[in-house]
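The values are calculated or read from the model by the stated rules, or taken from the named source; none is laboratory data. Nothing here was measured: the structure is a model prediction, and the numbers come from that model. Cβ placement follows ideal geometry from the backbone for every residue including glycine, while neighbour counts extend to all protein chains displayed.
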Amino acid sequence: MELKHTLTTCIYCGCGCGLYLVSDGQKLTGAYPSKNHPVSRGSLCVKGWNCHEFANDVNRLTVPMIKKNGKLRESTWDEALDLMAKKFNGYKEKYGPDSLAFLSSAKTSNEENYLMMKLARAVFKTNNIDHCARLCHASTVVGLAATFGSGAMTNSINEFEEAELILITGSDTTEQHPLIGSRVVNAVRDRGARLIVIDPRKIELAKYAAIHVQPKNGTDVAWINGLMHVILKEGWHNTKFIQERTEGFAELKNLVKEYTPECVEKITTIPKQQLIEIARLYAQTKKAMIIYSMGITQHTTGVDNVKSLANLAMVTGHLGYECSGVNPLRGQNNVQGSCDAGALPNVYSGYQSVADEAQRKKFEQAWGVEGLPAKPGLTVTEIVTALGSGKVKGLYIMGENPVISDPDSHHVRECLSKAEFLVVQDIFLTDTAEYAHVVLPSAAFSEKDGTFTNTERRVERIRKALDPPGKAKADWQILGEVAQRAGYPKMKYDHPAEVMAEMARVTPIYGGISYERLDPYGLQWPCPAKDHPGTPVLHREKFTKGKGTFMPRPYLPPAESADQDYPFTLSTGRMYWHWHTRTMTNRTSTLERESPEPYVEMHSADAKELGVRNGEMVKVTSRRGYIVLKTKVGAKVAKRSIFIPFHFREAAANILTINAVDPSAKIPEYKVCAVQVEKI
Ligand SMILES: Nc1nc2c(c(=O)[nH]1)N[C@H]1C(S)=C(S)[C@@H](COP(=O)(O)OP(=O)(O)OC[C@H]3O[C@@H](n4cnc5c(=O)[nH]c(N)nc54)[C@H](O)[C@@H]3O)O[C@H]1N2
Ligand SMILES: Nc1nc2c(c(=O)[nH]1)N[C@H]1C(S)=C(S)[C@@H](COP(=O)(O)OP(=O)(O)OC[C@H]3O[C@@H](n4cnc5c(=O)[nH]c(N)nc54)[C@H](O)[C@@H]3O)O[C@H]1N2
Ligand code: SF4
Ligand SMILES: [Mo]
C-alpha cells in the first residue's frame, strides 16, 4: 500500500511547526517534522509527533445532531442548517441583530475566521463576534496597539538564538512553546547569551537563567516600573531613541520616580540588588529581547502590564532591529490569524475599525451589503453572561469549549443552560456541546486546506491529507451553507484559496498573500503587495503608528488577594503534555500516559503545615466553588502559592477562578485569585 505524505502545519501551538502527516488513505498513521521548515528544522515537540492520533478517534463527530426532548439525536445536514437559519433569522427580526452572537476559533484557519466574521457582520449585521484571544492576548492587542500601533510579536523566532540577552516573564517557554524554548536554551548553552527569568514559579528555564526572580503574582507593573526607575536614575536609557522615535517621555519619567528598588521589593518581594542588576544587564546589552505570555496578560491589569513592557523596551531603544523587541508568544496555532482575520468585536480583518465609516463603506462594497453595524460588539465573557440574562438569544460556537476554558465554570454552565438556542460546531462532543440545540460535525485540520498564522506572523498553509469521517464537513463549507440558507448567497466558495484572495483584497497587511506565494513555508505579514517579501522585524524606521507612545501606568493590586479565609494565592495555566480543555490530547495515548490526572503544585512547607504528602488528595475552595485533586509537592511554587493546570474537566480549575476582567481588554484574571486548601 502506498502511503501519502502531506506537508502541513501543526494544530497545537503558535510556534507553527511544519510537519508531514502520513496517511494510508483510511486513517492517519503518523507525523514527522519537516527538515527545512524555518521553525521546526527537523524537530517537533511530543504533541506535534503525535498530532495524527486524535483525528482517528472513534468518538469524532460524524453527523449533525438536533436536540429533541432533551437528547441530541442524529439529523440530516438540511434539517440542522434549516433549523439554524430559521432560528437565527427569527431572532434577528424579532429582537434585532444584537440578539445573536458568534464565537470563532483559533483552532480553525484564517479563511474560516474571516468567514465567521463575515457571517456575523454581513449576513446577521452584528459585531457580537469574538474568540479565545480575549482570554489570552487581548491585553497585548490593546496594549501594543496603543504604544506601537501593532499588537503582534515585533521580531522572529530564529532571532532568539542570536540574542545576547533574553528577558522572559510570564512564559513557561519550554513547556508551552517548546520549539521557541529550545532556541532560548541554544542561545544560552551554545552562544553564551544571558537569560533573565521573572516568573513566580521555578520553571524549567530558571535552570538556564543568569538571574531568576520570583515576584508575587500580579505585581508586574511594579517591577517593570522599578527597572525603568533604575535605568533612568543611572542614565542607562537611550536618549537618541527616546527623542527621535517616541512621545510622552516626560510623564513616564515622572511616574517611575516613586518606584524605587526598596518600594518594588516591598510590593513584589524581588530583592533590590537583583532588580538593579536586571536593569543594568537589560539596558546595557544591545541584542536584548523580551518574551512574555499569559503571566503578563491574564490579569485585571493585563493591559497595564503590556504597556509597561513596551515602555521598558522604548526607554532602552531595544526595538526595530534584529534580536530586539517585545515578543508576546501567541498561544493557539492560529490565534494570531483569528485576530488578523477580524474575529474580534471591534475590527474587521487587518485591524480595520468597525467604528470608522470609511472602513464600513469599504466592506459594504466588497460584500455587497448595506448597513454594517458601527458599534463594537460584546466580548467572550460578556456574550456568555448576555446569554444567561436573555439579551443574547442565539449563539453559534465554532471550535471553543467555554464550559472548561472560561472563568467561573458554574456561572458559565448556568448561562449556557438558559440559552434559547445554542449551536456548537466541533470535532468532538465537548462539555459545551452538551448544552447545544444543534451540533455540527467539523473536519479536523488534517482534513482540509487553509492557512494558519503563527506567532511570528508567518502565514502558512495547511493541506488536506485525508477525507473527513462520516458526514463531517470543513468549517469553511459549513459557514458558507449557513449564510446561503440565511439568505446571503455570496459566501459560496469552491476552495479556501478563493477566500484568501478575497481577504487579501480587503486587508492591507495580507494584501500580497496568495496560496501560490505561500509554498512551501509561508510569508510573514505585513506583506502589502504581490512582490513584497514579507516582514520579519516590525517598526524598523518608525513605529506602525508613527511615533511610539509611552503609556505610564501605576501599580494596582489584583481583584482578589489572599486573606484570612482564603489564605492561598491560586494561579492557573498549562503543562507540556496537554492542550487546554483536553478534547484532543486526552485522545492521544502517549500524552495521556504521561499525564493522566489533575494535580495542584504546592510548596513543601505548606504541605507539611497542612499535613499532606506528595500525591495525597486536597480540597481547594474559592468563593466560586471547590475541586478535589492530588498534590504535587516541591519547590516549584512559592510558599502560600499554588498552581493548577486547567486542562482537566475532572477537577476543573475554572470552577475556582474569578471572572473579574481588565477594564479595556476584558481579559479575565486567570492568574490570581484567593483560595483555601484542606487535607481530605
Ligand atoms: N502544552 C501546551 N502548550 C500550550 C498550550 C497548552 O494548553 N498546552 N496553550 C497555548 C496557549 S493558547 C497559550 S496562550 C500559551 C500560554 O503559554 P504560557 O503563558 O507560557 O503558559 P501559562 O502556563 O498560562 O503561564 C505562563 C507562566 O506565567 C507565570 N505566571 C503566573 N502568574 C504570573 C504573574 O503574575 N506574573 C508573571 N510575570 N508571571 C506569572 C506562570 O508561573 C507560568 O510559568 O501556551 C500555548 N501552548
Ligand atoms: N484557568 C484558566 N483558564 C484558561 C486559561 C488559563 O491560563 N487558565 N487560558 C485561556 C487561554 S489563553 C485560551 S487560548 C483558552 C482556550 O480555550 P478554548 O479555545 O475553549 O480551548 P480548546 O480546548 O483549545 O478548544 C478548542 C476546541 O476546538 C475544537 N477543534 C479542534 N479543531 C477543530 C476544527 O478544525 N474545527 C472545529 N470546529 N473545532 C475544532 C476542539 O475539539 C476544542 O473543543 O483557555 C483560556 N482558559
Ligand atoms: S512546538 Fe508547537 S507547533 Fe511545534 S510541534 Fe510542538 S505543539 Fe506543534
Ligand atoms: Mo491562549
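Quick look at the values:
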quantity: Members of the range 512-534 found to be surrounded by fewer than 19 Cβ atoms within 10 Å (Cβ to Cβ) and assigned to a loop (DSSP other than H, G, I, E, B), listed by number; calculated: SER514, ASP519, PRO520, TYR521, PRO528, ALA529, LYS530, ASP531, HIS532, PRO533, GLY534
quantity: Selection count, the range 44-54, where residues are closer than 18 Å to THR173 by Cα and either within 16 Å of ligand 2 (Cβ to nearest atom) or surrounded by 17 or more Cβ atoms within 10 Å (Cβ to Cβ) (or both); calculated: 4
quantity: LYS47 vs. criteria more than 30 Å from LYS375 (Cα to Cα) and within 16 Å of ligand 4 (Cβ to nearest atom); calculated: yes
quantity: Tally of residues being out of contact with any Ser or Thr (no Cβ under 9 Å at 6 or more places or on another chain) and either among the polar types (S, T, N, Q) or closer than 27 Å to PHE249 by Cβ (or both) across the range 512-534; calculated: 1
quantity: Selection status of ARG624, surrounded by fewer than 21 Cβ atoms within 10 Å (Cβ to Cβ), within 16 Å of ligand 4 (Cβ to nearest atom) and in the same structural domain as CYS673 (by TED's automatic domain parsing); calculated: no
quantity: Candidates SER75, SER40, SER99, SER109 - the one that is within 16 Å of ligand 2 (Cβ to nearest atom) and modelled with pLDDT of 95 or more; calculated: SER109
quantity: Matching residues, the range 570-615, being among the hydrophobic types (A, V, I, L, M, F, W, C) and within 16 Å of ligand 3 (Cβ to nearest atom); calculated: MET575, TRP577, TRP579, MET584, LEU591
quantity: Filter result (away from ligand 3 (no atom under 16 Å from the Cβ), under 12 Å from the mean Cα position of the chain (by Cα) and assigned to a loop (DSSP other than H, G, I, E, B)) within the range 291-309; calculated: GLN298
quantity: Among the candidates ALA651, ALA638, ALA665, residue that is closer than 28 Å to THR432 by Cβ and touching a Pro at 6+ places or on another chain (Cβ under 8 Å); calculated: ALA651
quantity: Residue count, the range 604-656 (criterion: polar (S, T, N, Q) and under 17 Å from LYS202 (Cβ atoms)); calculated: 4
quantity: Matching strands (runs of 3 or more DSSP E) fully within the range 430-498 where at least 1 residues are within 20 Å of TYR12 (Cβ to Cβ) and touching a helix residue (DSSP H, G or I) at 6+ places or on another chain (Cβ under 6 Å); calculated: 450-453, 458-462
quantity: Answer residue from the range 319-343, given it is among the aliphatic types (A, V, I, L, M) and within 13 Å of ligand 3 (Cβ to nearest atom) and is farthest from SER353 (Cα to Cα) among those; calculated: LEU329
quantity: Flag for SER34 being touching a strand residue (DSSP E or B) at 6+ places or on another chain (Cβ under 7 Å), in contact (Cβ under 8 Å) with a residue 12 or more places away in the chain and either of a type outside the set (Ser, Thr, Tyr) or crowded, with 22+ Cβ neighbours inside 10 Å (or both); calculated: no
quantity: From the options THR316, THR297, THR285, residue that is of a type in the set (Val, Ile, Thr) and touching a His at 6+ places or on another chain (Cβ under 6 Å); calculated: THR297
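Let's see how each residue does on (1) part of a strand (DSSP E or B); (2) polar (S, T, N, Q); (3) within 16 Å of ligand 3 (Cβ to nearest atom); (4) surrounded by 23 or more Cβ atoms within 10 Å (Cβ to Cβ):
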site: PHE88; (1), (2), (3), (4): no, no, no, yes
site: LYS94; (1), (2), (3), (4): no, no, no, no
site: ALA106; (1), (2), (3), (4): no, no, yes, yes
site: ARG134; (1), (2), (3), (4): no, no, no, yes
site: GLY143; (1), (2), (3), (4): no, no, no, yes
site: GLY151; (1), (2), (3), (4): no, no, no, yes
site: THR174; (1), (2), (3), (4): no, yes, yes, no
